[in-house]
Amino acid sequence: MKKRIQYTDGPIGDFKIVKNFLPAPDKLVFKRKSIKVTMALDVESVAFFKKIAERNHVPYQTMIRNLINTYVARYQVNRI
């Protein structure tokens, strides 16, 4: 902000009060059931996810989990 805001004591103008439309904080947390697994991945694959995760400031494990979840959602066509 290069330009300084000039505040006045004048009238605000027309305004409308809106109903609170945001969900409660506990409704914003999407905790899913999970299970811990151990798997061996290629060094290059893990390096790729770590590099992208660092660039986006997210854990690389979360990126891998989201990739697997997206894959399952895409290809799980009532086959189970």
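The values are calculated or read from the model by the stated rules, or taken from the named source; none is laboratory data. Nothing here was measured: the structure is a model prediction, and the numbers come from that model. Here the Cβ positions follow ideal geometry from the backbone for every residue, glycine too, while neighbour counts run over all protein chains shown. Quick note on the areas: whole protein, heavy atoms, side chains included, nothing else; ligands and nucleic acids left out. Shrake-Rupley method; radii C 1.70, N 1.55, O 1.52, S 1.80 Å.
Residues that are in contact with a helix residue (DSSP H, G or I) (Cβ under 9 Å, 6 or more places away or on another chain) and surrounded by 10 or more Cβ atoms within 10 Å (Cβ to Cβ) are absent from segment 25-32.
Residue-level check: of (1) of a type in the set (A, V, I, L, M); (2) assigned to a loop (DSSP other than H, G, I, E, B); (3) open to solvent by less than 100 Å² (accessible area, probe 1.4 Å), M39 misses just (3). Only one of R4, R55, R74 is loosely packed, with under 10 Cβ neighbours inside 10 Å, assigned to a helix (DSSP H, G or I) and over 18 Å from the mean Cα position of the chain (by Cα). Can you tell me which? Just one listed residue meets the conditions, R74.
Looking only at segment 42-52, residues that are open to solvent by 60 Å² or more (accessible area, probe 1.4 Å) and not β-branched (V, I, T) come to 5 in all.
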